[in-house]
1. Is it fair to say Leu173 is closer than 23 Å to His114 by Cα, modelled with pLDDT of 85 or more and surrounded by 14 or more Cβ atoms within 10 Å (Cβ to Cβ)?
2. Of (1) closer than 25 Å to Ala127 by Cβ; (2) within 22 Å of the chain's Cα centre (by Cα), Lys18 satisfies all except one. Which?
3. Ser95 fails exactly one of the following numbered conditions: (1) at pLDDT 95 or above; (2) more than 24 Å from Asn194 (Cα to Cα). What is the number of that condition?
4. Asn156: of a type outside the set (Asp, Glu), at pLDDT below 90 and more than 20 Å from Arg68 (Cα to Cα), yes or no?
5. From the set of residues in segment 113-137 that are more than 13 Å from the chain's Cα centre (by Cα) and either part of a helix (DSSP H, G or I) or of a type in the set (Ser, Thr, Tyr) (or both), which is surrounded by the fewest Cβ atoms within 10 Å (Cβ to Cβ)?
6. How do the helices (runs of 4 or more DSSP H) wholly within segment 1-103 filter down when requiring 3 or more residues that are exposed (fewer than 14 other Cβ atoms within 10 Å of the Cβ), assigned by TED's automatic domain parsing to the domain that holds Ala204 and not polar (S, T, N, Q): which remain?
7. Considering only residues that are without any contact (Cβ under 8 Å) to a residue 60 or more places away in the chain and of a type outside the set (S, T, N, Q), which ones fall in segment 101-112?
Amino acid sequence: MEQTRKRAPSARSLETKKRILDGAEKIFADKGYDGATLRNIAGLAKVPVGLVHHHGHSKEDLFCQTVRRRADHLSKIRIQNLEELKSRSNLTLHSLLDCFFRAFVNLVEQDGEHWQSYGRLVAHVSANPRWRSLAEECFDPTAKLFLHEISLLYPNASQLRAATGQIYAVAALLAFFNSTWRIETLGGVNNNANIDELVTFCSAGMDALLNK
């Protein structure tokens, strides 16, 4: 019996799905999973709630789709940059963290609003064990590549210490784009976020932890 071929989504359908995912990204980032509603998302995307159900299915499915959407793109950039770094120089902890961080920073600079929202979304995932399997799927394969390179630099450090240092460093990265106003408040002057300062701070702390 000949199988019926599925029709490819129309350009209009793809555009609607993109608006829904963009809206979901913003709402989930701002309100968290529990605070967000499909009605909020529909309102921001300017579509009926029924279309959000159609494209996103359940709220949990839509959340997972939203997290997955940019994860592969970010991972590919990080892996490519890591391979280029390994081919042209000896690795250091500073250069590895710079490579891992700067991929995300460059994406924010290219498309600030969406990638900043995505960063807050990732922070929600990282802070809640409910999303453990989603984090393992979307982020752990790439994180483990960088952890492997770090372990080669610190052969006497345990995997637990290396993982702890990396998680602390990633937490600092996720806070990087959302804490400028606090730096300005406490420092008393306007501050331009500086990725080089962040890398220096995190690599020094991680080095101290791994040499402990």
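The values are calculated or read from the model by the stated rules, or taken from the named source; none is laboratory data. These numbers come from a predicted model, not from an experiment. So basically every Cβ, Gly included, is an ideal-geometry build from the backbone, and we count neighbours across all protein chains shown.
1. When the stated conditions are applied, Leu173 passes them.
2. (1)
3. Unmet for Ser95, out of (1) at pLDDT 95 or above; (2) more than 24 Å from Asn194 (Cα to Cα): (2).
4. No.
5. Pro129
6. Qualifying helices (runs of 4 or more DSSP H): 59-88.
7. Hits for segment 101-112 are Ala103, Leu107, Glu109, Asp111, Gly112.
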